[in-house]
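Notes follow the structure.
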Amino acid sequence: MYKIEFLPIAKKDIDDIIYYISHQLKNIPASKKLRDLFMKSIDNIAEFPYGCSVYKSIGKLKNEYRSYRVKNFLMFYTINKDENLITIVRVLYKKMDINNILE
């Protein structure tokens, strides 16, 4: 199984999403359920990192990103096979301008 690390911005993405649902939308049960889904998704990625397709960008990206869908969000990650490491890069709402964000 691969080791997982998060870029600080990816941690912030998740925190912001959970905060928005619990505080702005005032739906604490939904925020807890989504948090649990994020954690389960991370376990799935660690176990089957190549199970998700490569993200196809309009332009050329520096790294090869894979994406894992969690409800209305996409969790982007990279795989470092040599170090047995997966890096969660971003967690974004699926209707955002993802290509510009990931550049």
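Remarks
- Length gained on full extension, ASN63 to ASP16, computed as 0.36 nm times the residue gap minus the Cα-Cα distance: 14.5 nm.
- Residues in the range 84-96 carry Karplus couplings, in order, of 6, 10, 10, 10, 7, 8, 8, 10, 10, 5, 5, 9, 6 Hz; the curve used is 6.51 cos²θ - 1.76 cosθ + 1.60 with θ = phi - 60°, and Gly or Pro positions show x.
- In the chain, the DSSP-assigned H stretches of four residues or longer account for a calculated mean residue ellipticity at 222 nm of -11000 deg cm²/dmol, using -39500 (n - 2.57) per stretch and the full residue count as denominator.
- Pairs from the table (LYS71/LYS94; LYS33/LYS71; LYS3/LYS32) lying more than 20 angstrom apart at Cα are LYS3/LYS32.
- Of all aspartates and glutamates in the structure, the ones whose alpha carbon falls short of 20 Å from that of LYS95, not counting any fewer than 8 places away in one chain, are ASP13, ASP15, ASP16, GLU103.
- Note on the range 3-102: percent of Cα-Cα distances in each 5 Å bin, starting at 0 and stopping at the bin with the largest distance, equals 3, 12, 24, 26, 18, 11, 5, 2, 0.
- Residues of the chain were split at every exposed loop site, defined as trypsin sites (Lys or Arg not before Pro) in a DSSP loop with at most 14 other C-beta atoms within 10 angstrom, and the longest piece left, sites excluded, is 27-55.
- Relative to the longest principal axis of the Cα atoms of the chain, the long axis of helix 28-47 lies at roughly 10 degrees.
- The range 1-19 and the range 66-103: distance between their alpha carbon centers, rounded to Å: 10 Å
- Dipole orientation for the range 3-102: of the candidates HIS23, CYS52, LEU74, HIS23 has the Cα lying most toward the positive pole (charges on Cβ; Lys, Arg +1; Asp, Glu -1).
Every read-out reported here was derived from the displayed coordinates using simple, explicitly stated rules and does not represent laboratory data. Because the structure is a prediction, the values reported are computed rather than measured. So basically every Cβ, Gly included, is an ideal-geometry build from the backbone, and we count neighbours across all protein chains shown.
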